[in-house]
Amino acid sequence: MNDKNYHKIDKSSIEDVIERAKQYRSLLQPEVAISICLDIFAVDKNNQNALVIYILALTDQLVQSESKIHHKKITDSIKKLDSEFLRHYYSGIFLERQARGLLINSMSRSFAYEAFIEAIEEFEIAEKMAPKHCADPILRYNSCLRTIKKENLQPRQEFDELY
């Protein structure tokens with residue numbers, strides 16, 4: 001099936017369609033939300049609201065072990081965000097969700113620690129750029145710290161100590 005078989009939505013329906021994509025994310029059906037965002041991009045390729053939902057829906061799939069999400073697709077999408085604040089904030093979200101996905105596998109715990117630390121760094125940058133009264137980067141930063149503490153995550157140890 002090629003692209004000419006897809007039906008295009010009317011540009012005037014984008015607001016309603018975005019709400020539908022949010023609804024499918026909340027129903028834990030990120031693949032449907034992604035499809036809806038692709039329909040929006042077909043008529044408005046730089047729609048920032050759809051781009052945020054698309055990024056979140058892609059990262060929703062990171063904790064699913066059977067998911068085949070390509071990290072490059074997420075990072076490329078984050079680069080398309082117009083706001084530097086949002087680029088840092090959603091980079092932090094991506095790293096945090098990647099870390100939470102790594103927690104599932106006990107062999108990946110030190111890698112989870114590193115991803116949480118990278119997420120924290122992105123949230124710190126975003127916090128400095130955040131609009132007034134926007135606590136989102138602070139909330140995510142604190143959540144990452146609490147998870148590191150709760151899970152007793154540690155940085156990877158060098159094997160030099162054995163000799």
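Values in this text are rule-based calculations from the coordinates and carry no lab data. Since the model is a prediction, treat every value here as computed from it, not as a measurement. Cβ atoms come from the backbone with ideal geometry, glycine included; neighbour counts cover every protein chain shown.
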Check your understanding: Using a Gaussian network for the chain with springs between C-alpha atoms less than 10 Å apart, which of these wobbles most: LEU62, LEU102, LEU27?
Key -> LEU27
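Using only DSSP helix segments of four residues or longer, with each worth -39500 (n - 2.57), what per-residue ellipticity at 222 nm results for the chain after dividing by its residue count and rounding to 500? Each step should come with its number before you reach the end.
Values: 7 runs with 105 residues, N = 163.
Value at 222 nm, helices only, nearest 500: -21000 deg cm²/dmol.
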Check your understanding: Among ARG156, ARG87, which comes first, then next, by fewest other beta-carbon atoms within 10 Å?
Key -> ARG156, ARG87
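If we count other beta carbons within 10 Å of each Cβ, what is the order of VAL17, VAL32, fewest first?
So the ranking, lowest neighbour count to highest, is VAL32, VAL17.
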Study note, to complete from the structure: With 0.36 nm assigned to each residue of separation and the Cα-Cα distance removed, SER83 to ILE138 gains 18.0 nm
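List PHE123, PHE85, PHE111 from most exposed to least, where exposure is judged by having the fewest other Cβ atoms within 10 Å.
Values: PHE123 27, PHE85 19, PHE111 16.
Starting with the residue having the fewest Cβ neighbours, the order is PHE111, PHE85, PHE123.
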Practice item. Any chance you could give the angle, 0 to 90 degrees and rounded to 10, that helix 30-43 forms with the longest Cα principal axis of the chain? Key: 50 degrees
Revision key, fill the gap. Flagged as over-length at 32 Å C-alpha distance, from LYS73/LYS128; LYS45/LYS150; LYS4/LYS72; LYS45/LYS149; LYS45/LYS128; LYS11/LYS128, the pairs are LYS45/LYS150; LYS45/LYS149; LYS11/LYS128
**Study point:** Folded to 0 to 90 degrees: helix 136-150 orientation relative to the chain principal axis, Cα
**Key:** 40 degrees
Check your understanding: For helix 14-26, what angle does its Cα long axis make with the longest principal axis of the chain, in degrees from 0 to 90 and rounded to 10?
Key -> 40 degrees
